[in-house]
Every structure is written in C-alpha cells, then in structure tokens.
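Input: a single structure, listed below in structure tokens.
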Amino acid sequence: MALPLSISIVCRDNEATLPRVLDSIAGLASEVIALDSGSTDGTISLLRAHGVIVVEQAWLGFVKQKQAALDRCSQPWVLHLDSDESLEPSLRASIESAVARNEPAVAGYEVNRKVWYAGGFLEHAWQPEWRLRLVRRGAARWVGDDPHDALEATSPGTRIERLAGDLRHDSIPSIAEFLEKQARHARTAAESQHARGRRGSVASLVFSPLGEFAKQIISRSAWRDGWRGWVAASASSAAAAMKHACLLERSRRGDDP
C-alpha cells in the first residue's frame, strides 16, 4: 500500500530526467504533485501518464515555487524531489521505514544527495551533501536566496535525523550543459545578493574561484574521483567565478544607491 506521503516536484521541460525520478517513486506515495512552469516538451504528458497531479503554475522563483508545491501537499509526510533527483533502492527503503515508524519527536530527515556523472557516482566531489527532504507536513518551509533554496524545520522541540541511502542527482548531462545552467544560476544569485545589499569586489572574483577549487580537490578529495573529479572541481570554480563576475558587474553599473 502507498504510504501516507506526498511527493512534491517542480519542473519545466524535464522529459529527459523525469522517467528515472518517476520510476524510483512508483507506488511509494499516496499523492505526487508536480508544479509545472510552462513545459513545451513531453513533461506534462509523462507526469499524467504516471498518475501525477499536475498543477500549471507560472514561475515564482526557486524558493516560492517549491513552497507553493509544498503548500499543496495533503499527506502527513512530504518528500520533495527536484526533477533530476531519484531515489536509490536503499534510500527508498529508508524512507518507507521512517514514514512507517512515524516517530513523534522527529520533524524530518536529511538525505545525502550524490551527483551521477559520466557513468558513475562522484563519491568525493561535493560530498557529503546532506539535504532536508523528508518532513512532516507543516513542520518545515522553504527558505534561502534564489537559486540557493533549502528546506528548514520550523517545529521547536523536534529533531532532524539522517537516512541511509543515496539521492541520485543527474545534474550534469554534459559539462557544457552544466555550465550553461550555472551561468543562469550565477545571474540569479548575483541579483538576489545585490537586492540584499551585497556588493561585488575584485578580491572576491579572484579568490572565491580559487577557494572553491581547493575545497573540492583538497577538502573533499575530488581527485579521488579521477578525471571526473577534476572536471567537477573546475566546474565549481567556474560557477563561483561567474557569480562574482555578475555581482561585480551589477555593483559597478552605477545603479547602486
């Protein structure tokens, strides 16, 4: 029987990654709700063929869109998945066990998201990446500055635990496509930070990419992932450079107070 669980997804033109997502959650939840922000490929047909409740919602931004999806969920427990995230079998088993136990003192569970790239998991780059994804309905909300959203527990007196198993993240179809997406995110992040009063600097543009590369290669031991780890570290460095370049440009345009 399906669990007393809602699954929320936000999507747009994700026909390539959604089949794995939907297969990984088949029969797991009592309801699956997807907020679609204008797909023109086969995304909506694919979702409906899998019994997903599709809500067409104009894009509100990363945080507000995911909160809108969360607000539509009706079951006691809610699992959020991005449109390129799927459950490995061990994580699915952990979720089933956690929802079945329904421990009153637990408000939610973090899962470890692991990037799949070029035929395998990156075991070191960006690891570990714990994300709060399984929560009691009403016990958490989406926060953060676009595009960096996060679920945050809001119920005092309850705890957050961690689940065994991996959340597969198919975020790198190719490094060129990944960097194109990171360029869009860089612009969004710069706009969000500028709106909060942060201003760019040459020092940040120079040192932040270097620091991000060192973090992945040295602190995360991304070199142990072979050539894929070096590519991942370089992509992280490039993403940091794009963000700080956009923020510096925005700060120097002359539109600051």
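Volume per residue of the convex hull around the Cα atoms, evaluated for the chain, comes out as 140 Å³.
Distance from the alpha carbon centroid of the range 23-68 to that of the range 170-221 works out to 28 angstrom. Counting only Cβ charges, +1 for Lys and Arg and -1 for Asp and Glu, the dipole size of the chain around its Cα centre is about 660 debye. With R₀ set to 35 Å, the beta-carbon distance separating A164 from R137 gives a calculated FRET efficiency near 0.90. Along the range 136-143, what does the Karplus equation 6.51 cos²θ - 1.76 cosθ + 1.60 (θ = phi - 60°) give for ³J(HN,Hα), rounded to whole Hz, x for Gly and Pro? Calculated HN-Hα couplings, in order: 5, 5, x, 9, 7, 8, 7, 9 Hz.
Per residue, the average separation of C-alpha pairs within less than 8 Å and at least 6 apart gives the chain a relative contact order of 18 percent.
Taking 0.36 nm per residue of separation and subtracting the Cα-Cα distance, full extension of the segment from L179 to S97 would add 25.8 nm. Leaving out same-chain residues fewer than 8 places away, which aspartates and glutamates sit with a Cα under 15 Å from that of K114? The qualifying aspartates and glutamates are D82, D84, E85, E88, E123, E129, D166, D170, D225.
Here the Karplus curve 6.51 cos²θ - 1.76 cosθ + 1.60, taken at θ = phi - 60°, turns the phi angles of the range 87-93 into couplings of 8, 6, x, 5, 6, 4, 4 Hz, with x standing for Gly and Pro.
Here's how it looks for D166: its modeled amide H is under 5 Å from those of E88, S90, L91, which are all 5 or more places away or on a different chain.
Rounded to the nearest whole Hz, the Karplus-based 3J(HN,Hα) values (6.51 cos²θ - 1.76 cosθ + 1.60, θ = phi - 60°) of the range 147-164 follow the sequence x, 9, 8, 7, 7, 10, 5, 10, 9, x, x, 10, 10, 10, 10, 10, 9, 6, with x at glycine and proline.
We did not get these values from a lab; they are worked out from the coordinates using the rules stated. What you see is a predicted model; the values in this text were computed from it and never measured. With ideal geometry, Cβ positions are generated from the backbone for all residues, glycine too; neighbour counts draw on all protein chains shown.
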